[in-house]
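Written out below as structure tokens is the structure these notes cover.
The values are calculated or read from the model by the stated rules, or taken from the named source; none is laboratory data. These numbers come from a predicted model, not from an experiment. Because the Cβ atoms are built from the backbone with ideal geometry, glycine has one as well, and the counts that use them run over all protein chains shown.
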Amino acid sequence: MIRPPLPRWLLLPVTAAVVFLGVPLVALLARVPWARLPALLSAPAALDAFWLSLRTCALTTLVALVLGLPLALLLSRGKGRWAAAGRTLATVPMVLPPVVAGLALLVALGRREPLGGWLAASGVDVAFTTTAVVIAQTFVAMPYLVVSVEGALRSTPDDYAIAAATLGASPTTVLRRVSLPLVAPAVASGAALAFARALGEFGATLTFAGSLQGTTRTLPLEIYLQREVDSDTAIALSVVLITIAALLVAVTARFSRGAWGQP
Amino acid sequence: MRRQLRAGLAATLLLTACAPPSSGSGNTDLVVFAASSLNPTFATLGKEFEAAHPGVTVKFSFDGSAALVDQLKAGAPADVFASADKANMDKASTAGLIGNSPVQFTTNVLTLIVPKGNPAGITGLDASLDNKLLVVCADGVPCGTATKKLAAALGITLKPVSEETKVTDVRTKVESGQADAGIVYVTDAKASGGKVDTLPIAGADKARNSYLIGRVLASKQAPLAAEFVTLITGERGQQVLETAGFGG
């Protein structure tokens, strides 16, 4: 069956939307000091920020997978009030203003707060460490993985899992051999989204972890600093972030197309 | 990046709506771009300026001096610019953004602050800071440049655990007790009230920051902008600034 065509007047708001989304990115690219770009990007501070961001985001994605997958599995089976509460808890960090996430982490894990103070006394002092960066990133990024995987699990028919269980497979085997492979594309795209969100994390890191070259100053924090010091460097680094983000989104889209129910 | 976004947004709005926002009902806006450290002081003086000039609304944009210069360069509509150091005012002047020759209206010096009660037992810029969590401003922003200059003048090496972009970020990290000590402006220490203890730095005078103010060349409110500058440099302005700890 051929789909009926869309009305032509839609082109007007569509053009507006494309201009709205495209103009800032084009404006930024137009301001890039291309000739100085290699020099700006190979500065020690820029390289340190780049590698720190990649390292912390990889670690964040790993933690998000280890903790987020089980949560997504449980939530996908949940019904009623508790599941709703769990789902809210798992999604709220997604929509929190970054600075609020940072404040929440600070109040929970700050050195002068009950929990943070107890941790510090037991020798786990995360203040101003790379660990604090990973904690901040995981707090805001894990929800993306949970939501992505839970959604996929819910829209996956139970037939195969039921068949496997009927044939005598243990719950772990069903999970490992049937349920998880079925949602593998969603896991991959959720992990890519979590990585992308961690890469852009700024407010919570700034509020909670501090800013020191090679230890806590990730790419967004370096951009924030260079905006005050040398705006050309800030723009050059922004291009790096945009490139990585675009790649991650492309990866996500690639996996989403292969998701359950679609060719 | 935010500036570019804003510029892009504005461009989009103009492209799609073709109608620039119109100003209110005969009211005049005076837009003042001022360094973050001037925040409570200038806001107070702005209220007084409004009271003395009915129909005038003073609107402030408080940000890092360098960020403000960038915004001015991009054509942000401002009438007055007040910088926390000479370097950034020079940048604005060189770019032909400032109308008259800018004037120095106050100064600021650095001080050491510790959380209330000084839990880490800091005694000053000395060995008591070893293995303690010291937070400073990053080199390149006015307070960080001053910190670097001061350390050099005093012949000491600082080992901070964090170099913040804004002096207020140093302050809040000390206030919350995350950091054991921080180097901020005297005015920040004062604004912090009872949340921090202040340990004056002997020789802080060796790195004194100059604050400069000037009328923005593109301002359509030149007389009003000049009057605001006069308020700041005049007796009342100086009085409020001194109360906040400036010039001390």
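Overview of values
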| quantity | calculated |
| --- | --- |
| Neighbours by Cβ (under 6 Å, 6+ apart or cross-chain): first from the stretch A:144-157, modelled with pLDDT of 95 or more; second of a type in the set (Ser, Thr, Tyr) and crowded, with 20+ Cβ neighbours inside 10 Å | none |
| Residues within the stretch B:145-168 that are part of a loop (DSSP other than H, G, I, E, B) and either exposed (fewer than 15 other Cβ atoms within 10 Å of the Cβ) or over 21 Å from the mean Cα position of the chain (by Cα) (or both), tallied | 7 |
| Inter-residue pairs, beta-carbon under 8 Å, first within 8 Å of chain B (Cβ to nearest Cβ) and in the stretch A:195-224, second among the basic types (Lys, Arg), 6+ apart | A:GLY210/B:LYS173; A:SER211/A:ARG217 |
| Evaluation of B:THR57 against (1) in contact (Cβ under 8 Å) with a residue 12 or more places away in the chain; (2) under 26 Å from B:ALA189 (Cα atoms); (3) more than 14 Å from chain A (Cβ to nearest Cβ); (4) among the hydroxyl-bearing types (Ser, Thr, Tyr) (one fails), failing number | (2) |
| Hits in the stretch B:201-237 (condition: more than 23 Å from B:PRO77 (Cα to Cα), crowded, with 16+ Cβ neighbours inside 10 Å and within 19 Å of the chain's Cα centre (by Cα)) | B:ALA204, B:ALA207, B:ASN209, B:SER210, B:GLY237 |
| Any pair with Cβ under 9 angstrom, 6 or more apart, that starts in the stretch A:34-52 at a residue that is within 25 Å of A:LEU206 (Cβ to Cβ) and ends at one that is of a type in the set (Asp, Glu) | A:LEU40/A:ASP230; A:LEU40/A:ASP232; A:ALA45/A:GLU222; A:ALA46/A:GLU222; A:ASP48/A:GLU222; A:ALA49/A:GLU222; A:PHE50/A:GLU222; A:LEU52/A:GLU222 |
| Test: residue in the stretch A:128-149 that is closer than 22 Å to A:LEU182 by Cβ and of a type in the set (Gly, Ala, Ser) | yes |
| Helices (runs of 4 or more DSSP H) within the stretch A:144-263 that include 1 or more residues surrounded by 24 or more Cβ atoms within 10 Å (Cβ to Cβ) | A:184-200, A:203-208, A:219-229, A:231-257 |
| Cross-chain or 6+ apart pairs with Cβ under 7 Å, the stretch A:235-252 first and farther than 16 Å from A:GLU222 by Cα, then polar (S, T, N, Q) | A:THR252/A:SER189 |
| From the options A:VAL183, A:VAL240, residue that is over 24 Å from B:THR145 (Cβ atoms), within 23 Å of the chain's Cα centre (by Cα) and within 14 Å of chain B (Cβ to nearest Cβ) | A:VAL240 |
| Residue list for the stretch B:169-180, restricted to those being within 25 Å of A:SER231 (Cα to Cα) and crowded, with 24+ Cβ neighbours inside 10 Å | B:VAL170 |
| Of residues in the stretch A:127-143 being in a loop (DSSP other than H, G, I, E, B) and not aromatic (Phe, Trp, Tyr), the one surrounded by the fewest Cβ atoms within 10 Å (Cβ to Cβ) | A:THR129 |
| Any hit, the stretch A:150-168, residues being on the phi > 0 side of the Ramachandran plot and not polar (S, T, N, Q) | yes |
| Residues of the stretch B:60-91 classified as more than 14 Å from chain A (Cβ to nearest Cβ) and of a type in the set (S, T, N, Q), total | 1 |
| Selection count where residues are under 15 Å from B:VAL161 (Cα atoms) and at the interface with chain A (Cβ under 10 Å from one of its Cβ atoms), scope the stretch B:138-149 | 3 |
| Within the stretch B:164-184, considering residues that are basic (Lys, Arg) and within 23 Å of B:ASP130 (Cβ to Cβ), the one nearest to the other protein chains (Cβ to nearest Cβ) | B:LYS173 |
